[in-house]
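So the structure is just underneath, and the comments pick up after that.
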Amino acid sequence: MPDEVEFARRLRIMVYEGDPFWGNANEIVRLMCQCHANAIRYTGGIRQGLSCYPSQYFPAHPQLGGKDLLGEMVHACENYGFHVFPHIQFLYAFRPEAIALHPDWAAVNPDGSPIKTSYGVGSGLNDGTAVCFNNPTVIQTYARACQEITERYPVSGMYFDIAWRGNCFCSHCRELFFEQYGYELPDNPFINRQHMHDYLHGLHIRGIEKGLKTVTEAIKSVRPIPVIFNMVEANKRYSRHALMNFTDGALVAEMNNGNYMDLLQRVKTGAAFGKATWCYCPITNRSLFRTEDDLDTQLSALTEISHGGTPIIETVRAYLNDQTGVPQLEKIFVLMEKREKLFFDYRPIPWIALHCSAQTALEYGVYDTRSSGAEKGIWDNLYFSGAFSTLIQGHHPFSIILDDDISRGMLNNYKVVVLPNVACLSEDQISVLMEFVRNGGGLLATFETSLYDQGGMRRSDFGLRDLFQIHHSEKANVEYQSSLLMEGPYLRICRDHPITRGLEPDAKLPYYRCGHPFVPVEAAEEDAIVADIFYADGGEYGKPYAYPAGRPPAIVAGTFGRGKYIYMSAALDYLFAKTGLQQVQRIFDNGIEFLTDHEFLVRTNAPDSVVIHFTENKSSRLLHIFNYSGNTLHMERSQLGNIVPLDNLSFSITRMKGKKLGKISPLMGDGSILHECRNGCDDLRLSKLNEYECLLLEYV
Ligand SMILES: [Zn+2]
């Protein structure tokens with residue numbers, strides 16, 4: 001990793017955000033000392049089209065009264081060696097006094113009128129105007145202003161908040177659109193899926209990408225400082241993954257509320273880029289003016305750090321007013337300082353790879369004229385979420401891999417790859433996946449995986465049909481569609497198989513509970529069918545309903561080359577995201593065992609509420625263990641607090657190749673450790689788990 005990335009990862013950083021600008025720089029620095037912070041993301045850059053320092057390029061913010069906000073903060077931090085990251089509102093709404101100087105910068109409606117918005121302007125104000133991200137003058141002005149900041153102030157990096165607003169129809173946008181697609185930008189592209197796709201790709205995503213790239217290059221031409229941007233959510237549709245190619249990191253978890261699983265998803269996905277992974281902390285919805293003395297800050301921060309992220313603390317304003325939460329924060333920063341190497345030099349041990357496919361999130365189903373199951377759950381990425389949750393709850397160590405990782409040969413480090421409805425795959429990716437299984441890897445895929453190419457064009461059959469040993473069946477599709485007029489379907493276990501161990505033979509899972517997205521397929525081998533689709537109602541009274549196509553397969557499994565595969569034409573990941581059904585969890589757990597030939601990295605008797613994460617560096621490993629039993633009321637604050645301590649958790653750990661476990665140190669030390677060697681495995685027993693423990697395992 002370049003130095004800028006490592007530097008941005010290891011910061012002990014707090015956020016100051018807000019206007020009017022009543023914050024006193026010296027007071028803020030005193031608070032940073034008290035908490036053991038060493039960096040601040042600070043308002044003093046460009047806000048609402050106005051500058052918070054004397055600038056040649058943007059007019060000064062009137063609320064400043066002539067103050068140089070950035071200068072004051074940089075100066076106050078200088079004596080302590082603290083780092084300042086000015087906050088740039090990039091392409092946000094401009095206040096009236098800012099847009100008045102450049103009316104031609106406005107993003108406009110199809111009729112040419114400026115787009116009014118309150119977004120980013122401040123509470124209660126709705127007189128903002130969106131600016132166009134494809135206007136070269138706008139981008140140039142931002143680039144010069146950022147260059148000006150870097151030249152004039154010893155800032156340590158720059159942070160960009162990027163607007164996601166404004167569907168602009170200005171002359172720049174219209175011209176660009178025509179250049180790219182050869183047809184005029186329609187006045188309402190959003191009523192047609194392909195037009196919407198072209199608009200979002202060609203204008204919005206590319207426009208913002210080009211803009212931020214220009215600005216990043218301008219900054220780096222002065223000094224190689226890290227540039228961090230706001231990705232918002234690394235795991236959702238229209239995440240700005242492409243911006244990671246030229247920046248040093250992103251805020252991947254902008255969470256003011258949400259649950260623990262959400263946080264985990266965003267941190268783990270963000271960390272997959274191998275860049276700085278900033279995450280808001282704590283995750284719960286906090287008042288701007290109050291702090292809390294509960295475990296939320298610690299659990300959020302520890303989760304973020306151990307998964308490769310960097311907690312950024314919300315918010316300085318609250319801590320200036322109310323010191324209640326300072327001791328919790330201090331604990332985190334002191335730990336980060338003391339254990340920096342442990343937290344930041346370790347990497348997840350490759351075992352299972354879960355694919356988070358941005359190309360699928362972007363392209364999936366765009367050219368489909370018929371409305372199919374394709375749209376279901378894609379906006380929230382529920383297939384991915386469901387697979388993610390089953391892997392977490394089954395305590396399977398896994399890492400997220402991205403689209404490019406497949407072609408980069410990263411898969412070879414893993415035992416198993418999981419493709420949660422990764423609909424869009426290129427021919428190249430498909431051959432890598434087939435080769436992976438042929439050489440002994442395990443593959444689990446659901447629903448429409450490989451049914452589309454990387455650009456969203458539907459294939460006539462699955463790209464992975466030879467591996468799955470099935471084919472897409474139009475006949476079954478017609479019958480399935482017509483059968484949906486009846487009561488919803490069950491998924492029925494129809495064969496005794498390692499995947500169905502522990503389930504009743506003939507068990508029926510309520511597949512109707514998630515709206516049953518399903519691809520009708522025909523399997524080459526009857527023996528490969530582990531579960532099928534079953535209708536409880538229909539047909540002759542008193543007799544089971546006979547599905548016209550003879551009950552289509554819902555899960556097939558088998559071997560391919562030296563490896564194994566499981567394909568679920570019924571989206572069980574999606575069902576799990578919607579219901580959390582224990583039977584689904586079991587199928588996934590059994591499936592992973594089947595695919596790994598009963599090998600494992602770590603096994604535990606811990607309940608669902610315990611999350612483990614396993615990392616290594618040379619000859620030592622860290623087993624992070626979180627207990628998030630938390631607040632069952634899911635109140636706004638303190639979601640994670642009120643932890644119920646657990647006793648006697650056991651962990652069986654497969655040894656590092658050719659090495660023996662020498663020393664075990666529990667870093668928190670709330671409980672004691674018993675160690676026993678057995679069959680090439682180390683059995684550990686942890687006497688007590690409060691909210692978090694981290695076992696340092698040193699091998700010799
Ligand atoms: Zn425009």
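Residues of the range 198-217 being under 12 Å from Phe246 (Cα atoms) and open to solvent by 10 Å² or more (accessible area, probe 1.4 Å), which ones?
Glu209, Lys210, Lys213, Thr214, Glu217
Are there any pairs with C-beta distances below 7 angstrom linking a residue in the range 170-195 that is farther than 23 Å from Met457 by Cα and without any contact (Cβ under 8 Å) to a residue 24 or more places away in the chain to a residue that is open to solvent by less than 70 Å² (accessible area, probe 1.4 Å) and not hydrophobic (A, V, I, L, M, F, W, C), with the two at least 6 apart or on different chains, and if so which?
none
Asp68 - would you say it is acidic (Asp, Glu) and within 16 Å of the ligand (Cβ to nearest atom)?
Judged against the criteria, Asp68 is not a match.
Hey, does the range 164-173 have a residue that's more than 13 Å from the ligand (Cβ to nearest atom) and not charged (D, E, K, R)?
yes
Cβ-Cβ distance below 7 Å, separation of 6 or more or different chains: which pairs start in the range 319-341 with a residue that is of a type in the set (Asp, Glu) and end on one that is open to solvent by less than 70 Å² (accessible area, probe 1.4 Å) and assigned to a helix (DSSP H, G or I)?
Glu330/Cys35
I'd like to verify a number: residues in the range 86-107 that are in contact with a helix residue (DSSP H, G or I) (Cβ under 8 Å, 6 or more places away or on another chain), in a strand (DSSP E or B) and not β-branched (Val, Ile, Thr), how many?
Final tally of qualifying residues: 4.
Residue check: is Ala318 open to solvent by less than 10 Å² (accessible area, probe 1.4 Å), at pLDDT 95 or above and either at positive phi or of a type outside the set (S, T, N, Q) (or both)?
No; evaluated as a whole, the condition is false for this residue.
Can you find a residue that is within 13 Å of the ligand (Cβ to nearest atom) and not in a helix (DSSP H, G or I) anywhere in the range 180-190?
Scanning the range 180-190, I find at least one residue that is within 13 Å of the ligand (Cβ to nearest atom) and not in a helix (DSSP H, G or I), so the answer is yes.
Considering each residue of the range 143-163, count those that are of a type outside the set (A, V, I, L, M), outside any loop (DSSP other than H, G, I, E, B) and either within 12 Å of the ligand (Cβ to nearest atom) or modelled with pLDDT of 95 or more (or both), and give that number.
Qualifying residue count for the region: 9.
For the range 468-504, which residues satisfy the criterion of being modelled with pLDDT of 95 or more and of a type in the set (Lys, Arg)?
Once the filter is applied, which keeps residues that are modelled with pLDDT of 95 or more and of a type in the set (Lys, Arg), the range 468-504 yields only Arg501.
Looking at the range 1-55 only, could you name the residues that are within 15 Å of Ala318 (Cβ to Cβ), outside any helix (DSSP H, G or I), touching a residue at least 40 places away in the same chain (Cβ under 8 Å) and open to solvent by 20 Å² or more (accessible area, probe 1.4 Å)?
Matches in the range 1-55: Glu17 only.
Quick one: what pairs do we get from the range 82-103, first residue free of Cβ contacts under 8 Å to residues at least 60 places away in the same chain, second hydroxyl-bearing (Ser, Thr, Tyr), C-beta under 6 Å, 6+ apart or different chains?
Every condition considered, the pairs that remain are Phe94/Thr129; Ile99/Thr129.
Can you give me the number of residues within the range 167-196 that are surrounded by fewer than 18 Cβ atoms within 10 Å (Cβ to Cβ) and either in contact with an Asp or Glu (Cβ under 8 Å, 6 or more places away or on another chain) or hydroxyl-bearing (Ser, Thr, Tyr) (or both)?
Result for the range 167-196: 7.
Is it fair to say His102 is within 15 Å of the ligand (Cβ to nearest atom), touching a Gly at 6+ places or on another chain (Cβ under 9 Å) and open to solvent by 20 Å² or more (accessible area, probe 1.4 Å)?
When the stated conditions are applied, His102 passes them.
Consider the range 585-632. How many of its residues are in a strand (DSSP E or B) and under 16 Å from Tyr692 (Cα atoms)?
Matching residues across the range 585-632 total 13.
Six or more apart or on different chains, Cβ under 7 Å: which pairs go from a residue in the range 134-161 that's within 18 Å of Thr43 (Cα to Cα) and among the small types (Gly, Ala, Ser) to one that's open to solvent by less than 10 Å² (accessible area, probe 1.4 Å) and within 16 Å of the ligand (Cβ to nearest atom)? Could you list them?
none
Mind counting the residues in the range 315-369 that are in a helix (DSSP H, G or I), farther than 26 Å from Ala8 by Cα and of a type in the set (A, V, I, L, M, F, W, C)?
2
From the residues in the range 410-431 that are of a type outside the set (Phe, Trp, Tyr), surrounded by fewer than 24 Cβ atoms within 10 Å (Cβ to Cβ) and farther than 20 Å from Asp453 by Cβ, which one is modelled with the highest pLDDT?
Checking each candidate, the answer is Lys415.
Only one residue in Gln63, Gln140 is within 16 Å of the ligand (Cβ to nearest atom) and not in a loop (DSSP other than H, G, I, E, B), so which one is that?
Gln140
Please report, ordered by residue number, the strands (runs of 3 or more DSSP E) entirely within the range 386-447 with at least 3 residues that are among the acidic types (Asp, Glu).
By residue number, no strands (runs of 3 or more DSSP E) qualify.
The values are calculated or read from the model by the stated rules, or taken from the named source; none is laboratory data. Here the structure is a predicted model, which means the values were calculated and not measured. Because the Cβ atoms are built from the backbone with ideal geometry, glycine has one as well, and the counts that use them run over all protein chains shown. Just the protein is used for accessible areas: all its heavy atoms, side chains included, with ligands, DNA and RNA removed. Shrake-Rupley method; radii C 1.70, N 1.55, O 1.52, S 1.80 Å.
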